[in-house]
Amino acid sequence: MKRYASEYALYLCFAVFIIVFPLTKVADFDLFFHLKLGEHIVEKGGLYRFDEFSYSTAGLRQYTGEWLSNALLYLTYKYAGFTGLGALKSVIFCAIAFFVYLSLRQTN
């Protein structure tokens, strides 16, 4: 199979994007809330049932649908800091891009 220069250029752009992607600033204002919830899950060994961290909703039932991602974010931050969170963001992006590529490849 012959490869064209445009295909190599696309691979190069993708590689540069993956390298630069973790360097973007944190734009999620709830990140620290998710980190605190993840810390609660990991340190106490269970799901949080009631809101303990908000002023206006303290004591109300808390939605726990994101518990696994909160724990993963907290563990990544605990052991690798913001650099680790950026790397995790890149790994997730690469996994999504890979599965999209596989999906598109099957349609041909």
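The values are calculated or read from the model by the stated rules, or taken from the named source; none is laboratory data. Because the structure is a prediction, the values reported are computed rather than measured. Cβ: placed from backbone, ideal geometry, glycine included. Neighbour counts: every protein chain shown. Areas reflect the complete protein model, heavy atoms only, side chains present, ligands, DNA and RNA absent. Shrake-Rupley method; radii C 1.70, N 1.55, O 1.52, S 1.80 Å.
Exactly one condition in (1) at pLDDT below 80; (2) of a type in the set (S, T, Y); (3) closer than 29 Å to Y101 by Cα is not met by T76; state its number.
(1)
Could you please give the count of residues in the stretch 51-85 that are in contact (Cβ under 8 Å) with a residue 12 or more places away in the chain, out of contact with any Gly (no Cβ under 6 Å at 6 or more places or on another chain) and among the aromatic types (F, W, Y)?
Final tally of qualifying residues: 4.
Could you pull out every one of the helices (runs of 4 or more DSSP H) wholly within the chain that has 3 or more residues that are of a type in the set (S, T, N, Q) and open to solvent by 90 Å² or more (accessible area, probe 1.4 Å)?
Hits in the chain: 67-107.
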